[in-house]
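Here's the structure we're looking at; comments come further down.
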Amino acid sequence: MDTTLTYFRKSAFSRDALVYSGDLDSQPAEGSLPFPIYYLDIGTRHINLCRNATQVTSPLLTGKQHGILGRTATIRGDIISSAHRNGVLSNAWTFVYMAEEFKWSISRWSNRWTLVDGRGNNIALFERASFRASKIGTLNISAGLSEHLVWLVVLTCELVHRTVKASERAAGGS
């Protein structure tokens, strides 16, 4: 069975995100069910994937962007990986896990991003929310992936989201 996760901004003026299990239309009130399963602590050049907001000092994974334009990233935690943007003007990212390359494909015509493995199999689909104040989007991840690969998918999806948002700001969009 596939896994569905929904990303919400922590608050109106926060970069941080909360990730809930399931396809949710609105963010649950703080302290009510369901509780977020992941917390994304997002800084200027880093993203920490944590089990919850109280574990920011011991994240599951940390992604750190490098270079003037942040075109490469190292990902560390129980696993070590690297990621890079697919081109100067591209918002798409590629990362490596267990010697296999995974690539996020970004559609210019829709709010859907697809993650494919080196054999061309669809691994995940992110649908970005439109016109929502707090909802970022919904991520559907194929069944049968290891926990570490799921963590990488959750973290790199936010890396892609951050890149897309930066490109929109640079172009004068929202």
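The values are calculated or read from the model by the stated rules, or taken from the named source; none is laboratory data. The shown structure was predicted, so the numbers you read here are calculated from the model rather than taken from an experiment. Please note: Cβ atoms are built from the backbone with ideal geometry, for glycine as well, and neighbour counts cover all protein chains shown. Quick note on the areas: whole protein, heavy atoms, side chains included, nothing else; ligands and nucleic acids left out. Shrake-Rupley method; radii C 1.70, N 1.55, O 1.52, S 1.80 Å.
Some values worked out for this structure:
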{"read-out": "First in segment 38-59 and modelled with pLDDT under 90, second anywhere and part of a helix (DSSP H, G or I), Cβ under 6 Å, 6 or more apart", "value": "none"}
{"read-out": "One residue from 155, 139 being at pLDDT 95 or above and of a type outside the set (Ser, Thr, Tyr)", "value": "139"}
{"read-out": "Enumeration of residues in segment 119-136 that are modelled with pLDDT of 90 or more and of a type in the set (S, T, N, Q)", "value": "121, 122"}
{"read-out": "Qualifying residues in segment 37-61 (those that are within 14 Å of residue 151 (Cα to Cα) and assigned to a loop (DSSP other than H, G, I, E, B)) - the one most open to solvent (accessible area, probe 1.4 Å)", "value": "51"}
{"read-out": "Residue selected from segment 10-25 under the condition in a strand (DSSP E or B) and within 12 Å of the chain's Cα centre (by Cα), by the criterion surrounded by the most Cβ atoms within 10 Å (Cβ to Cβ)", "value": "18"}
{"read-out": "Odd one out for residue 75, checked against (1) under 22 Å from residue 6 (Cβ atoms); (2) touching a residue at least 60 places away in the same chain (Cβ under 8 Å)", "value": "(1)"}
{"read-out": "Test: residue in segment 161-173 that is free of Cβ contacts under 8 Å to residues at least 24 places away in the same chain, closer than 19 Å to residue 20 by Cα and either open to solvent by 10 Å² or more (accessible area, probe 1.4 Å) or not acidic (Asp, Glu) (or both)", "value": "no"}
{"read-out": "Where a residue in segment 1-16 is under 10 Å from residue 135 (Cα atoms) and its partner, wherever it lies, is open to solvent by 80 Å² or more (accessible area, probe 1.4 Å), with Cβ under 7 Å and at least six apart", "value": "6/23"}
{"read-out": "Hey, residue 28 touching a Ser or Thr at 6+ places or on another chain (Cβ under 9 Å) and free of Cβ contacts under 8 Å to residues at least 40 places away in the same chain or not", "value": "no"}
{"read-out": "Filter result for the condition that a residue is touching a Lys or Arg at 6+ places or on another chain (Cβ under 7 Å) and either farther than 22 Å from residue 149 by Cβ or part of a strand (DSSP E or B) (or both), over 103, 64", "value": "64"}
